Amino acid sequence: MTGYGRQEEIIDGHHIQVEVKSVNHRFFELATRVSHGYGYLEEKMKDYIQHYVSRGKVDAFISVEPLANADGQLTVQINHAAASGYIDALRELCSTYGLTDDISASTLARFDDIFTVNREPEDEEAVWTAVKKVADHALTSFLHMRMIEGQKMKEDVLSRADHILDLISEVERRSPETVEAYRKRLYARLQEVLQDKAIDEQRVLTETAVFADRIAVDEETVRLRSHVSQFKRMLDSDEPVGRKLDFLVQEMNREANTIGSKCSDTQIAYTVVDIKAEIEKIREQIQNIE
């Protein structure tokens, strides 16, 4: 499911931003971007998010910047050997090509290897506690957005599940009519072939019973109804059920296929096609449900 949340705060001398967003994905996949020097936050953030999210492609961005007035957190060292080398090289360049010698501190500041910024060791747990406070607010917005989308998905698949139950009822209603129609066709055919000869009623009944047994779908419709009922109950669970629903939909599709292979009636065949179409739409939706 898709979701987005962002929060920005200043806590304990740090300017902290946390942004979390997700798109649909069958499995849980997390990509994080963390400010330089705070790589240890990645694993903590992964465990934190995975506690709330079990499915989806999630991107998390964490920015931590110590404030300029924070005491004793940063020191800057000068690489004098590198600075001297750059100055000599620049003066030689000016002398060789007749350039103006306008070397200044700002000129040297462009060379990254002259200055080394060292950060004094921070209390990692204290930093994570501050980041987590910000992340809590971002995750609240993120999860609320996912919850709204999830509710809409739930309403959609429930309506399709109810429609499947209606279609199953149609199959159950039509199935006995198919047997009776077969009996009448068989009787009429025998009358046509035998003409004035007596028709063996018992043989007609036997042939009809064999046909009825061959096309009987009572067991399949009962199991399909059971799967649909179980599917609806799972949707009310507070636990992640996406993968369980995926398996259950496969079983629903299996029963629908069996019904379709047994039926010899055009009307039932069309109904089975409608059932399978609804199951496929449900399958597509639940790929995004946790």
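The values are calculated or read from the model by the stated rules, or taken from the named source; none is laboratory data. Bear in mind the structure is a predicted one, so any value in this text is a computation, not a measurement. For neighbour counting, all protein chains shown are included, and Cβ atoms are generated from backbone atoms with ideal geometry for every residue, glycine included.
A few remarks follow.
- Residue count, the range 141-163 (criterion: touching a residue at least 40 places away in the same chain (Cβ under 8 Å) and charged (D, E, K, R)): 5
- One residue alone among D123, D162 is at pLDDT 90 or above and either of a type in the set (D, E) or within 20 Å of the chain's Cα centre (by Cα) (or both), and that residue is D162.
- Failed criterion for Q191 (all others in (1) modelled with pLDDT of 80 or more; (2) over 30 Å from S261 (Cβ atoms) hold): (1)
- Residues of the range 1-31 that turn out to be farther than 29 Å from E284 by Cβ, β-branched (V, I, T) and crowded, with 18+ Cβ neighbours inside 10 Å, as a count: 2
- In the range 247-281, the residues that are buried (at least 20 other Cβ atoms within 10 Å of the Cβ), out of contact with any Phe, Trp or Tyr (no Cβ under 8 Å at 6 or more places or on another chain) and of a type in the set (V, I, T): I259, I268, T271, V272, I275, I279
- Criterion violated by K152 - all others in (1) loosely packed, with under 13 Cβ neighbours inside 10 Å; (2) closer than 27 Å to K46 by Cβ satisfied: (2)
- Residue selection: V127 satisfies the criterion of being touching a residue at least 60 places away in the same chain (Cβ under 8 Å), surrounded by 12 or more Cβ atoms within 10 Å (Cβ to Cβ) and touching a helix residue (DSSP H, G or I) at 6+ places or on another chain (Cβ under 9 Å).
- Within the range 36-50, residues that are within 17 Å of H14 (Cβ to Cβ) reach partners that are acidic (D, E) with beta carbons closer than 6 Å, at six or more positions or on different chains, in the pairs Y40/E124.
- Here the range 4-55 is the region considered, the condition is being of a type in the set (S, T, Y) and under 19 Å from the mean Cα position of the chain (by Cα), and the residue that is farthest from R146 (Cα to Cα) is T32.
Yes/no per residue for (1) closer than 16 Å to K132 by Cα; (2) in contact with a Pro (Cβ under 9 Å, 6 or more places away or on another chain); (3) of a type outside the set (F, W, Y):
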site	(1), (2), (3)
E9	yes, no, yes
H15	yes, yes, yes
V23	no, no, yes
S35	yes, no, yes
Y38	yes, no, no
Y52	yes, no, no
G85	no, no, yes
C94	no, no, yes
G98	no, no, yes
